[in-house]
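A short write-up of the structure that comes next.
The values are calculated or read from the model by the stated rules, or taken from the named source; none is laboratory data. Just so it is clear, the model here is predicted, and its values are computed rather than measured. Please note: Cβ atoms are built from the backbone with ideal geometry, for glycine as well, and neighbour counts cover all protein chains shown. The area values use the complete protein model at the heavy-atom level, side chains included, leaving out ligands, DNA and RNA. Shrake-Rupley method; radii C 1.70, N 1.55, O 1.52, S 1.80 Å.
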Amino acid sequence: MIHLDRDKSNDKKDKKRFFSVIYALVLLSGIYTGMYCLRFGVLVDVKHHLESARHDFPTYFKYLTASSDNNFDDVHLNFKFNEYIKLSNQRSRFVYGKSHFIKGKQWLERENIYAKARLEYKGQKFKVKAKLFGKNNDHFRHPYKWSFRVKAKDYIKDFKNGKFNLLQPNTRMYITDALCNLVLKNYNILSLEYKPINLKINDRPKDVYFIEDFFSKYLIERNGYRDSYIFTFNDLKHPNSDDLNDSQLQDLNNIKDDIRNQPNVILDQDKFDKFLALSFLAQNKHPYLADNFHMFYNSVTNKVEPIIREVLFKDKLTITSIEDLENQVKKFTKNIERYNKNLGTYLEPIFNNKKRLIKIINDINVVAEDIKEIQATEEWKSFQDGIFSRYPQAIHLCKHIEPNMQAILDLDLDKKEKILTVNQLRSITSDTTLEADLVLNDTDLLLSSGITLDLNGYNIILVSGHVNAISEASNKIIITNSSQEHSSIVIKNSKSTNEFKNVDISQLSNFDKSYWHLPAGITFYESDVLMENVTFESNIAGDDFVNFFRCDDFKLNKVSFINVNSDAIDSDFSTGTIDNCSFLNIGNDAVDGSGSHIAIRNSTFDAVEDKAISAGENSSMSIYDSTISNSEIAFVSKDDSKLTEQNNTLINNRLDYCLFSKKNEFDFGLLYTDKDISQEKYLIEKGSKVYKGNEELLNLKVVDSVKESLYGIEYGKKSK
């Protein structure tokens, strides 16, 4: 009996142990499943589906049952197995590790493991390298739909970059980042593009992804700016810090200090205000997070501009009156100040100064109207339908866009036209030698007839003002520099046309002060210019004597450039005419156009040491009834540019015509001529085209690459 009781007791203990183990396994399995659903987005996805259905069931059901077919381009990213497994193992080590799976931390540090792959697009194949990208787990929680940063061996023209991010739309709030960048693009703010595609990774089913712009020179120049810094308060995003010298790194630190301490000097306030207005409409402070708030230093204007990223229309905006709106803007601005103290000095006047507050409210109204206009376009509707039909749960995250916009528009705020302030006038009526920089804001500068203005190592800087320098031909205005120090003239955002008539300008240099470095002796930015009977002679230093940058209309008539040690005219993203002008002894290019439209007539070019006419980077230039003599190269058309020349005389130039592609992001040059250039001296790269009238000249000898002969090797001058 004793033995039987012991056996029964042992059986009970064994069963208890067995079920304890079973219960423990079930519990652990439940915990694991729960953690998996939490960490890998299952719960979040279900939640968003339910909330989207609750918010607007008819719309949700329409997209849920709609075909997810779209008109987006197909892209195939194909890894070899051993390359793909490198990324898969790296991901697995993190997502199942303690840091992420248990603690839910971001992936802040990782080894840069690149996997070789082949990217196929529209029948083309590109060799690329890809690495995992993103800090939050929405970038890598799916078993194989991860975010990638891709480097292509060659520039991919349709992607507008050679380096880009491949992201699922949920990582960029589905449609809001694309929308916000379109809004700010209206104000010439450097904007990212989000190209939707259907991405197939190896043999997996394809799915909707975004091609997101990478911070690069390509992005900056495509937006019509000169290459410069893109940065946050904590980091430099472009260029690579290893590519900068100590002086440039110090420049960047000084820029950041000025943002904190004197934002009225360094910030492009109007663009920052538009950014703030858009953030208010989104009711989201996240774009201002120090590590997320990206900025671009516009090196031509010496202003910092914002770049918008990662915007969620977070909360619904409810406004009862204009006074309520004012109070909400003040509260929102104060919260941003606590969120990013670096911007405190910029933000403080908004909630303490009624005029600044009204300016922001005006911008909020304008931005709300911009959103409405964008949403009404067929292009946007097609884009949104493509995203929502694949991700109906996105309706929940995007549900506040429409009501927030409408809440502002329903106030029916007065549509105030931008009030143009009446400029003050600064007159220089007698011979003058500067003893300090002449800096004028909203002030026009009048130079009286016959005076001599000696810059004396100082600079003239006009912002939102224009120059009026008109004299008699027998008594010219003289602008010069008697000092060995650099003197320059910078004119930005003129409200009226700058006029120079019967003026001699000499001895200028490029602008170089603190962290503001410009290549030209005279820089015109977003300003109209009219010059007649003006002489530019003997500049001291710099890449250009005159630089037109983003100028809609410059007109030069009877203007002479003599003994210039670099480019005479450099035109960037500008439109203008050059008539009856002369260029003599030019140390580099006479007229260099990038992204410009220029017509030249009845002009002479003699002894130009590099290119008399250089059309580059998608320029359109026409030259008629002109003479080019004793110069290194007469005509150059490169990088998607079109050059038209008729009735011109070419005498004793080393090379008359040169066509090629210099930059990867552009195709070859195009020439329309009235000559059979086979009888002339030419150097043409394969792929370039030459037309005489409407007939393409096919009998010309072409070479695979002209770079081996240019830039000081056989022809031209070595690039700086």
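Here are the numbers for the structure shown:
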| quantity | calculated |
| --- | --- |
| Test for F383: is it assigned to a helix (DSSP H, G or I) and more than 30 Å from N254 (Cα to Cα) | yes |
| Verdict on D592 being surrounded by 18 or more Cβ atoms within 10 Å (Cβ to Cβ), under 31 Å from the mean Cα position of the chain (by Cα), modelled with pLDDT of 95 or more and within 15 Å of A541 (Cα to Cα) | no |
| Per-region count, region 641-686, residues in contact (Cβ under 8 Å) with a residue 24 or more places away in the chain, closer than 19 Å to S705 by Cβ, within 33 Å of the chain's Cα centre (by Cα) and open to solvent by 30 Å² or more (accessible area, probe 1.4 Å) | 7 |
| Q269 out of contact with any Cys (no Cβ under 9 Å at 6 or more places or on another chain), of a type outside the set (A, V, I, L, M, F, W, C) and within 30 Å of D412 (Cβ to Cβ) | yes |
| Test result for D207, crowded, with 17+ Cβ neighbours inside 10 Å and out of contact with any Phe, Trp or Tyr (no Cβ under 9 Å at 6 or more places or on another chain) | yes |
| Region 615-633, subset out of contact with any Gly (no Cβ under 7 Å at 6 or more places or on another chain) and in a strand (DSSP E or B), residue surrounded by the most Cβ atoms within 10 Å (Cβ to Cβ) | I628 |
| Residues (outside any loop (DSSP other than H, G, I, E, B) and of a type in the set (D, E, K, R)) located in region 179-206 | K185, K195, K200 |
| Unmet requirement for V300, which otherwise passes all of (1) among the aliphatic types (A, V, I, L, M); (2) more than 29 Å from I395 (Cα to Cα); (3) open to solvent by 10 Å² or more (accessible area, probe 1.4 Å); (4) not in a helix (DSSP H, G or I) | (3) |
| Filter result (in contact with a Phe, Trp or Tyr (Cβ under 8 Å, 6 or more places away or on another chain), part of a loop (DSSP other than H, G, I, E, B) and farther than 15 Å from K638 by Cα) within region 664-692 | E680, K681 |
| Selected residue [of a type in the set (D, E) and at pLDDT below 95] from D640, D572, D606 | D640 |
| Sole residue being of a type in the set (D, E) and either within 29 Å of S67 (Cβ to Cβ) or open to solvent by 40 Å² or more (accessible area, probe 1.4 Å) (or both), chosen from D363, D412 | D412 |
| Residue match in region 218-239 (condition: touching a residue at least 40 places away in the same chain (Cβ under 8 Å) and of a type in the set (G, A, S)) | yes |
| Close pairs from region 613-631: first farther than 18 Å from N653 by Cα, partner among the charged types (D, E, K, R) and open to solvent by less than 10 Å² (accessible area, probe 1.4 Å), Cβ under 7 Å, at least 6 apart | G616/D639; E617/D639; N618/D639 |
| Among (1) surrounded by fewer than 18 Cβ atoms within 10 Å (Cβ to Cβ); (2) touching a helix residue (DSSP H, G or I) at 6+ places or on another chain (Cβ under 6 Å), the one test that P263 misses | (1) |
| Neighbours by Cβ (under 8 Å, 6+ apart or cross-chain): first from region 345-358, within 16 Å of N335 (Cβ to Cβ); second among the hydroxyl-bearing types (S, T, Y) and in a helix (DSSP H, G or I) | L347/T333; I350/T333; F351/T333 |
| Residues (more than 18 Å from I451 (Cα to Cα) and open to solvent by less than 10 Å² (accessible area, probe 1.4 Å)) located in region 493-531 | S509, F511, L518, A520, G521, I522, T523, F524, Y525, S527, V529 |
| Failed condition for K689, given (1) more than 23 Å from S582 (Cα to Cα); (2) open to solvent by less than 20 Å² (accessible area, probe 1.4 Å) | (2) |
| Condition met for I461 (surrounded by fewer than 23 Cβ atoms within 10 Å (Cβ to Cβ) and part of a strand (DSSP E or B)) | yes |
| Filter result (among the small types (G, A, S) and either in a strand (DSSP E or B) or within 21 Å of the chain's Cα centre (by Cα) (or both)) within region 135-178 | A152, G162, A178 |
